[in-house]
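The values are calculated or read from the model by the stated rules, or taken from the named source; none is laboratory data. The shown structure was predicted, so the numbers you read here are calculated from the model rather than taken from an experiment. Here Cβ is always computed from backbone atoms with ideal geometry, including for glycine, and neighbour counts include all displayed protein chains.
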Amino acid sequence: MKIQRILIVEDQGITAFDVSQIVTSLGYQVTGIAMTGEDAILQADLNKPDLILMDIKLAGAMDGREAAAKIQDKYQIPVIFVTAYGCKQASKSVKTIRPEGIGYIVKPITDNELVSEINRLIG
């Protein structure tokens, strides 16, 4: 599966903008930016992205883990968590979600890390 369309889920506007810039500079299309887990689910329903870049901590009642689990149950869209947590903390935090189709990158995100994690997920 070739990843082309990416949904960004991030509640910090400047971070969402920065991630969006990286995504587009790498030749991917940003389908939207969601700031809450609820909005992420809605945008996944409407836009059917190929991949989602999602922060674990989000504004609103639903965190990134819960939103990712709901989206994956319905669509099996790969999710890369972009988080400020260290690797051990992030992997422990997302343990409840099935491991296939899940990746994570520690902020700040770099081009090489993003491409590497996308390639790892799609094979």
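Could you check the stretch 58-75 and list, in sequence order, the residues that are under 9 Å from G37 (Cα atoms) and out of contact with any helix residue (DSSP H, G or I) (no Cβ under 7 Å at 6 or more places or on another chain)? Spell out the reasoning first.
Applying the first criterion (under 9 Å from G37 (Cα atoms)) to the stretch 58-75 yields 58-68.
A59, A61, A68 - these are the residues of the stretch 58-75 that are under 9 Å from G37 (Cα atoms) and out of contact with any helix residue (DSSP H, G or I) (no Cβ under 7 Å at 6 or more places or on another chain).
Quick check on this structure: which one of A16, A61, A90 is among the small types (G, A, S), at pLDDT 90 or above and crowded, with 16+ Cβ neighbours inside 10 Å?
A16
For residues in the stretch 28-51 being touching a residue at least 40 places away in the same chain (Cβ under 8 Å) and not hydrophobic (A, V, I, L, M, F, W, C), which is nearest to N119 (Cα to Cα)?
Checked the stretch 28-51; the qualifying residue nearest to N119 (Cα to Cα) is D50.
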